[in-house]
Structure formats: C-alpha cells, structure tokens
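J.: This is the structure I have questions about; it appears just below.
Any read-out appearing in this document is the output of simple, stated calculations on the displayed coordinates, not a laboratory observation. Keep in mind it's a predicted model, so treat the numbers as computed, not measured. Because the Cβ atoms are built from the backbone with ideal geometry, glycine has one as well, and the counts that use them run over all protein chains shown.
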Amino acid sequence: MDRQHIYVVSGGSGETAHRMVEAALTQFSVGESSALVRRFQNVRTHEDLDKVLGMAADKRAVIVHTTVSRQMRDYLDKRCAELRLTQVDLFGNLLDTLALYLRERPEERPGSFHAVGDKYFRRIDAIEFALKFDDGIDMGGLVEADIVLVGISRTSKTPLSMYLAMEGFKVLNVPLVPGVDLPPELAQIPQGRVVGLTIQPDRLQEIRAYRLKRLGATGTADSYSDMGRILEELAYADDVFRRHRRWPVLDVTGRSIEETAGLVLDRVFGKERAI
C-alpha cells in the first residue's frame, strides 16, 4: 500500500504540531505504517509557503499547520483551495475565539507554542515514567530518572513521585525493606539525584493502621502497623542513610506533599528549581 503524506507546517519549530499528529496517528491501526509525516519549520513568507505547497501538491499531502499570523493563514487557506489540498488549522480557530473573548489581538509570535507544547509532553512523559517505575517495579529507569526517592513503606514515595511528575520531573522510587539488598544499579547513578525519606514512628503507625482499615485487612496483616516492626524498619532505613551520606534525608512528618516536593527539588537542583 502506498504511504500517505502529511506535511506539518509551522512558523516556528513545528514540534507541537508534529507531536499532535503523531499522537493522533496512534488511534489508527495502520497510522504509523501508512502515513509519512514531514515537518517544515520556520515557514514565514509567501515564498516559503509556496515551495512547501508545491511539494504537497505533487504528493497530494494533507497540510497540518500552526500558523499564528492571520495574514499567512489567509494566504495558506487561499492557496490550498487553489491546489485542492486538504488543510487542518490547529490553532487558528482557537486564536480567533480567544481574541473575541479576551478583546485583545494575539501577538502572532511564531514559536511561542513550542514551549507550551514541550512542557505538556514533558509532563505526560514524566507521569508515564513515574507509573512504570513505581515502588521498585523496574530499576531500568534509574539512568533516566531526574530524581530517585528511597524510603520504607508509607513515607509518601508514590504520591510525591506523582506530584513531581506533574511538574515535569521523571521520578523513580525505591522501597527499603529489611533483609532486602538495595539494587546495585543505585550505586551507578549520580548520588546527588537520590533523596531519602523518613517519618516519625507514631505518625507512621497511624498511617499504616488507617491503610489496613481501609483495605479491610485483618490477622497477620496487623504486623504492618506493629510498632516493633515500624521501629525495625526505621532503624534499617537510618542505617542505609548513614552508609550513603551523599543522600539528603527528609522527614515527611507533618509536611504536605507540596512542601516536601519543594524540599526535594531544593536538595537535588538548588533553590532556583524549588516549587
């Protein structure tokens, strides 16, 4: 089967439109194999546009664009009609609607969508990363991780990972369990990325008891909230942290996820990256 052509046209990098097209193609069983996506960047004059549209006419390509200039959009619309090319304007209707609602003309700066699109896709990638590498499921993401959280059960590793992912950071968390060795891969990454998490025993017992109650767990599961076991786990964690002095250790007791996340970023990246 001949491949269909999709031309992505932008006055900037075209990255946002390109990713949107690729995301849309995943909804078609033959999308990636039958469609050839080609990106044209920095198309800002009629001459530039005519060259692209001439090539598109030869291939009968679909034009997908993020042209922010009203004058360029009108020209593109007219030329596509003349050449009988199908075109999809990703931002034109949105810009016109917002201009009416806000009673303000858009600045029409090419490339300004790129930063917004990058931030969105970074966030999506980070969330997928946090889910994939949650609670030590897979150590394969250690090299790629921006931050690695280490702590015993119920020290807020997962909710903290997800919160930081929403800020665009790839976070992997590693559970500390007495009698279970740390993954050797942990020693092979920059130690400044690793943050230890601890908590006061009384508060941890409350959290675990509430967790068991919600799950309806009984019998042997009660040992999960037993103070003796909690003290043993915290002592083991303290020993691990003493052996890894380059890891900053944060006590999450009484702290909100937002506050703890800010402290994590402060320790790993410095105050300029704190939330």
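J.: How big is the chain by the Kirkwood estimate over distinct Cα pairs, in Å? Before the final figure, lay out each step's value.
T.: Values: mean 1/r = 0.0444 Å⁻¹.
Value: 22.5 Å, from the Cα pair sum.
J.: Tell me, what is the percent relative contact order of the range 15-102, built from C-alpha pairs under 8 Å that lie six or more residues apart? List each step's numbers first, then the result.
T.: On the way: 60 pairs, mean separation 23.1, N = 88.
Reported as a whole number, the value is 26 percent.
J.: Specify the residue with the greatest mean-square fluctuation among LEU90, LEU164, LEU98, computed from a Gaussian network of the chain linking alpha-carbon atoms under 10 Å apart.
T.: Top of the fluctuation ranking is LEU98.
J.: Which FRET efficiency value, to the nearest 0.05, is calculated for ALA187 and LYS213 with the Förster distance at 51 angstrom and r the Cβ-Cβ distance?
T.: Numbers: r = 38 Å, r/R0 = 0.75.
The value I calculate is 0.85.
J.: How far, in degrees from 0 to 90, does helix 227-243 lean away from the longest principal axis of the Cα atoms of the chain, to the nearest 10?
T.: Computed tilt is about 70 degrees.
J.: Suppose the chain between THR97 and SER223 were pulled fully straight at 0.36 nm per residue; how much longer would it get relative to their current alpha carbon spacing? Show your work: numbers first, answer last.
T.: Values: separation 126, 0.36 × 126 = 45.36 nm, distance 5.95 nm.
In short, 39.4 nm is gained.
J.: Please state the charge dipole magnitude for the chain, taken about the Cα centre, from unit charges on C-beta atoms (+1 on K and R, -1 on D and E), reported in debye and rounded to the nearest 20. The partial results should precede the final answer.
T.: Numbers: 38 positive and 40 negative charges, 68 e Å.
Magnitude of the dipole: close to 320 debye.
J.: Still on this model: Net charge within 9 Å of PHE40 by Cβ-Cβ distance, Lys/Arg positive one each and Asp/Glu negative one each, not counting PHE40 itself?
T.: Details: positive: ARG38, ARG39, LYS51; negative: ASP48.
Overall, the nearby charge balance is +2.
J.: Still on this structure, I have one more. Would you kindly state how much longer the chain becomes between ARG44 and LYS132 on full extension, computed as 0.36 nm times their sequence separation minus their alpha carbon distance, in nm to one decimal?
T.: Working: separation 88, 0.36 × 88 = 31.68 nm, distance 4.10 nm.
Between ARG44 and LYS132, full extension yields an extra 27.6 nm.
J.: Run the reach check for LYS51 against lysines, Cα to Cα strictly under 24 Å, same-chain hits fewer than 8 apart removed. What comes back?
T.: LYS59, LYS78
J.: Just need the relative contact order of the range 146-275 here, percent rounded to a whole number, with Cα pairs under 8 Å and 6+ apart. Working shown, then result.
T.: Details: 173 pairs, mean separation 39.1, N = 130.
It rounds to 30 percent for the range 146-275.
J.: May I pose another question? DSSP loop trypsin sites (Lys or Arg not before Pro) in the range 173-263 with at most 12 other Cβ atoms within 10 Å of their Cβ, which ones? Don't skip to the end; give the middle numbers.
T.: Details: sites: ARG193, ARG203, ARG208, ARG211, LYS213, ARG214, ARG229, ARG242, ARG243, ARG245, ARG246, ARG255; in loops: ARG245, ARG246, ARG255.
Counting only loop positions with at most 12 other Cβ atoms within 10 Å, the trypsin sites (Lys or Arg not before Pro) in the range 173-263 are ARG245, ARG246.
J.: For the range 45-108, which trypsin sites (Lys or Arg not before Pro) are in a loop by DSSP, counting at most 15 other Cβ atoms within 10 Å?
T.: Numbers: sites: LYS51, LYS59, ARG60, ARG70, ARG73, LYS78, ARG79, ARG84, ARG103; in loops: ARG60, ARG84, ARG103.
Loop-located and lightly packed - ARG60, ARG84, ARG103.
J.: Using 0.36 nm times the number of residues separating ALA57 and ASP239, minus their current alpha carbon distance, what extension gain do you get? Don't skip to the answer; put the middle values down first.
T.: Numbers: separation 182, 0.36 × 182 = 65.52 nm, distance 6.85 nm.
Extending this stretch completely gives an extra 58.7 nm.
J.: For the chain, what is the relative contact order in percent, using Cα pairs closer than 8 Å and at least 6 residues apart in sequence? List each step's numbers first, then the result.
T.: Working: 409 pairs, mean separation 38.6, N = 275.
Dividing the mean separation by the residue count of the chain yields 14 percent.
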